[in-house]
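**Q** Pasting a structure below so you can have a look.
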Amino acid sequence: MDKKKVIFQEERLDSILNMLEKNERILTADLRKKFNTSVVTIRKDLTILENRGHLKRTHGGAIKTKKFYHGLALKEKEKINLEEKMRIVKTAATLITDGDTIILDSGSTTSLLAREIKNRKNLTVITNALNIASDLLDTDVEVIMLGGNLIKDGLTLAGPLTDSMLRQVSASKVFLGVDGIDFSVGLTTPNIQEAHTSQVMMSVAGDVVLLADASKFGRRSLGVIAKLNEIDVLVTTKVLEEDEARYCDENKVKVLAC
């Protein structure tokens, strides 16, 4: 009978990290079988890697630690995942009806949505995004432009003045674009002022619609906007994991897959 090769601890740790790079999550039971060792040993390995900051232990396994996402300028965001964003926009546009007053938050996906609906009639758009207001200039869409502090990279206005103006209006729906979605932390964006302005947008709107391509999931930024269970509709290209889909179902978050 062939003797099994002895695998040293550091070799196991390297192998575990390689598995995480490919799959982003691992199960203790799978690791036990792969390395032909005990659950106790695997748990010790995962604890070591967690202490080194490489992963986060979960019930039955571990997930890859996500680094903070510091964001990109709008002109850079617009080049990323364009095909996915267009699928999201086509679906989101079906949620907008004649007579609606909607809020469009700043962002590359919401900007595409503005262009998608620019030929609509009897529609009012409230926005803090300079590029969205510009795209709707020569249309029949009524635009209410919010004031505030200019965040140049995002062509957006945010801060106390923006928040004050928002509290004087009401909308049927708000369409949010975020930089990160973490099922534990929630919806995030790098700028704290923008995060707070998005919170106020949610508070004055009837329905909260989140537009998020698959790349947004599993990462987080400094400013927390809200928990995922505070939105009403998620329009996404991500194929949700079983536990993620269950979370949405239990919290009455309607998922529109694109």
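Quick grid of which residues meet (1) over 25 Å from the mean Cα position of the chain (by Cα); (2) surrounded by fewer than 17 Cβ atoms within 10 Å (Cβ to Cβ); (3) not small (Gly, Ala, Ser):
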position	(1), (2), (3)
SER38	yes, yes, no
ARG43	yes, yes, yes
LEU49	yes, no, yes
ARG52	yes, yes, yes
THR65	no, yes, yes
ASN81	no, no, yes
ILE103	no, no, yes
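**Q** So which of LEU112, LEU137, LEU166, LEU104 ends up being touching a residue at least 24 places away in the same chain (Cβ under 8 Å) and farther than 23 Å from HIS196 by Cβ?
**A** One residue alone meets the criteria, LEU112.
To keep it simple, each residue is scored yes or no on (1) in a strand (DSSP E or B); (2) surrounded by fewer than 16 Cβ atoms within 10 Å (Cβ to Cβ); (3) assigned by TED's automatic domain parsing to the domain that holds LYS152.
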{"residue": "LYS33", "(1), (2), (3)": "no, yes, no"}
{"residue": "LYS90", "(1), (2), (3)": "no, yes, yes"}
{"residue": "LEU113", "(1), (2), (3)": "no, no, yes"}
{"residue": "ASN122", "(1), (2), (3)": "no, yes, yes"}
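**Q** Okay, next question. Looking at region 124-137, which of its residues are small (Gly, Ala, Ser) and outside any strand (DSSP E or B)?
**A** ALA133, SER134
**Q** Restricting to region 73-88, count the residues that are outside any helix (DSSP H, G or I) and either of a type in the set (Asp, Glu) or in contact (Cβ under 8 Å) with a residue 60 or more places away in the chain (or both).
**A** Count: 4.
**Q** Related question: Need the failing condition index for THR94 against (1) touching a residue at least 24 places away in the same chain (Cβ under 8 Å); (2) closer than 17 Å to CYS258 by Cβ, just the number.
**A** Unmet condition: (1).
**Q** Within region 178-199, identify whether any single residue is surrounded by fewer than 24 Cβ atoms within 10 Å (Cβ to Cβ), out of contact with any Gly (no Cβ under 9 Å at 6 or more places or on another chain) and closer than 23 Å to ALA93 by Cα, and answer yes or no.
**A** yes
The values are calculated or read from the model by the stated rules, or taken from the named source; none is laboratory data. What you see is a predicted model, and the numbers here were worked out from it, not measured in a lab. Counting neighbours? That spans all protein chains shown, and the Cβs are built from the backbone with ideal geometry, glycine included.
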